[in-house]
1. Picking from K150, K96, K89, K135, which residue would you name as being assigned by TED's automatic domain parsing to the domain that holds I188 and more than 16 Å from the ligand (Cβ to nearest atom)?
2. Could you list, in sequence order, all residues of region 55-80 that are part of a loop (DSSP other than H, G, I, E, B), among the charged types (D, E, K, R) and free of Cβ contacts under 8 Å to residues at least 40 places away in the same chain?
3. Whether any residue in region 70-92 is open to solvent by less than 80 Å² (accessible area, probe 1.4 Å) and over 26 Å from K197 (Cα atoms) is what I want to check.
4. Quick check on region 134-150. Is at least one of its residues β-branched (V, I, T) and surrounded by fewer than 17 Cβ atoms within 10 Å (Cβ to Cβ)?
5. Please work out which residue is most open to solvent (accessible area, probe 1.4 Å), limiting yourself to region 172-209 and to residues that are within 16 Å of the ligand (Cβ to nearest atom) and farther than 23 Å from K148 by Cα.
6. So in region 210-229, with the set limited to residues that are more than 16 Å from the ligand (Cβ to nearest atom) and closer than 14 Å to I67 by Cα, which one is most open to solvent (accessible area, probe 1.4 Å)?
7. Being open to solvent by 60 Å² or more (accessible area, probe 1.4 Å) and within 16 Å of the ligand (Cβ to nearest atom) is the filter here, so list the residues in region 99-132 that pass it.
8. Quick test for you: out of G134, G138, G86, G118, pick the one residue that is in contact (Cβ under 8 Å) with a residue 12 or more places away in the chain and on the phi > 0 side of the Ramachandran plot.
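The values are calculated or read from the model by the stated rules, or taken from the named source; none is laboratory data. All values derive from a computational prediction rather than experimental measurement. No Cβ is skipped: glycine too gets one built from the backbone with ideal geometry, and neighbour counts run over all protein chains shown. Note: areas computed on protein heavy atoms with side chains; ligands, DNA, RNA excluded. Shrake-Rupley method; radii C 1.70, N 1.55, O 1.52, S 1.80 Å.
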Amino acid sequence: MGSNRRDFLKTAGATSVVAASGFVLDNSVAQAQPMSQQALQQASSGKLTEHVLPPLPYGYDALEPHIDAQTMQLHHDKHHDAYVKGLNKAEQELAKARAANDYALVQHWSRQAAFHGGGHFLHTLFWSIMAPSGKGGGGEPTGMLADKMKEDFGSVDAFKAQFSAAATAVEGSGWALLHYRTADKRLIILQAENQQKLSSWGTTPILALDVWEHAYYLKYQNKRADYVKAWWNVVNWAAVEKNLSMAMK
Ligand code: MN3
């Protein structure tokens, strides 16, 4: 046991007992008592973020008939919420590991942080770039965003065709993403498997389409291509253009 871990246990007020086997049992671990947020921060001398589920910017049924209300409710209230909780848990466990200087599970919690962090980030982006059809959703991109798409893809239609193909072709659960890449100031289309694999660096996602089955299966079953086609009716292009201008700054 390193001195950091001893100090941490003292700070946390934990007691240790020597079991018959000779192993030292740490009561705080044995009883799996959650540390308070304050104790964690003191112990790890780093400030933890409490990630929270952002409210949907519209009603569950606002994207009907393209995305049904039940899917939206489950997707936001259950799936996204689970990613927020998973991210908080992973970061708390990493803080505990720092405090205890015990990194036996660092690979596990790093993976959990990437998976749930990706889920939280991408769903937050996903809700924000949609709007009810005809009330901010659908139509065609205009202005600076349309110009940039023409510059980097040849035309808006060519962009949409590639993006739809990327979304439809994701293997298993994942996302289609439009990124702005800082180094050469280009828009690029990427896929993500799950929420975090196949990522590129130095890029900012400005448009995201969730193609996990939970995003469409109730209404579209196995017909993902129909969901992707319908989804264009609820894309909030003004929000995407705003994301692009922020990424370009
Ligand atoms: Mn999802």
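1. From the options K150, K96, K89, K135, the qualifying one is K150.
2. D61, E64 - these are the residues of region 55-80 that are part of a loop (DSSP other than H, G, I, E, B), among the charged types (D, E, K, R) and free of Cβ contacts under 8 Å to residues at least 40 places away in the same chain.
3. No, there is no match, as no residue in region 70-92 is open to solvent by less than 80 Å² (accessible area, probe 1.4 Å) and over 26 Å from K197 (Cα atoms).
4. Within region 134-150 (the criterion being β-branched (V, I, T) and surrounded by fewer than 17 Cβ atoms within 10 Å (Cβ to Cβ)), the answer is yes, since at least one residue qualifies.
5. Here the answer is K197.
6. K229
7. If the condition is that a residue be open to solvent by 60 Å² or more (accessible area, probe 1.4 Å) and within 16 Å of the ligand (Cβ to nearest atom), then F121 is the only one that fits.
8. Just a single option satisfies the conditions, and that option is G138.
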